[in-house]
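Only the coordinates and a few stated rules stand behind these numbers; no lab work does. Bear in mind that the values here come from a model prediction, so they are computed numbers and not experimental data. When we count neighbours, we look across all protein chains shown, and the Cβ atoms used for this are built from the backbone with ideal geometry, even at glycine.
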Amino acid sequence: MKRLLAISGSLRNGSSNHAILQHLGTLLQPDIEYTIYDDLANIPAFDPALDNDMPPAAVANLRKLLAEADGVIICTPEYAFGVPGALKNMLDWLVSSSSLVDKPVALITASLGGEYAHASLLLTLGALTAKLSDDTNLLIQFVRSKVAADGTITDKETIEGLNDLLRIFLATSN
């Protein structure tokens, strides 16, 4: 893998999910281009009438980034026992584009609980025929007790889980 696109399901500055994605970026070799996508809030609400050869600019840009990526890492919280609306909306825009077909995707759900959003996202990503593996998805519960206010991951088990996920993702996605 030479290009990874990381997507946080949280729009909040300083979120634990963004901190996790930043941490993963520090583990990569310099020859891997790693981009944390920061335009999620600008994707308009999904409208099938606009999903054509000229989609909204933010959607076209996302699809371009996904086409250029060798793999995708999604890290998201769970909101009200579900997938954050902005992330689900983004995924809805990808249905007709085939942007995730056979694309290696690692999924990290980092939240208080997270099991409902995690299960839902695995179903959605499966429907988009993303290339998923049990070894490259991770549920991090009680995340706020594992990530310091400055974004440092403080929990040894979480660090090991992230290291393992990334190592396996890079090794098996070629």
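Numbers at a glance
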{"item": "Relative contact order (percent, whole number), the stretch 3-172, Cα cutoff 8 Å, 6+ residue spacing", "result": "24"}
{"item": "Fraction of beta bridges assigned by DSSP in the stretch 3-172 that are antiparallel (%, nearest 5)", "result": "10"}
{"item": "Shape category assigned to the stretch 3-172 from the gyration tensor of Cα positions, a/c cut at 1.5", "result": "prolate"}
{"item": "Total charge dipole magnitude, the stretch 35-174, about the Cα centre, Cβ charges on Lys, Arg, Asp, Glu only, Debye to nearest 20", "result": "40"}
{"item": "FRET efficiency for SER96 and ASP164, using Cβ-Cβ distance with R0 set to 45 Å, rounded to 0.05", "result": "0.85"}
{"item": "Fully extended contour minus Cα-Cα distance, from SER145 to THR172, at 0.36 nm per residue", "result": "6.7 nm"}
{"item": "Sites THR154 and ALA127 - FRET efficiency at Förster radius 35 Å, r taken between beta-carbons, to 0.05", "result": "0.50"}
{"item": "Counted charge near HIS118, where neighbours are those whose Cβ lies closer than 13 Å (Asp, Glu -1; Lys, Arg +1)", "result": "-3"}
{"item": "Local net charge near ARG144, Cβ-Cβ under 14 Å (Lys/Arg +1, Asp/Glu -1)", "result": "-1"}
{"item": "Calculated FRET value between ALA57 and ILE32, using beta carbons and R₀ = 35 Å, to 0.05", "result": "0.80"}
{"item": "Qualifying lysines (Cα of each under 19 Å from Cα of LYS2; at least 8 residues distant if same chain)", "result": "LYS64, LYS103, LYS131"}
{"item": "Candidate lysines for bridging to LYS146, where Cα separation is under 18 Å - those fewer than 8 sequence places away on the same chain excluded", "result": "LYS156"}
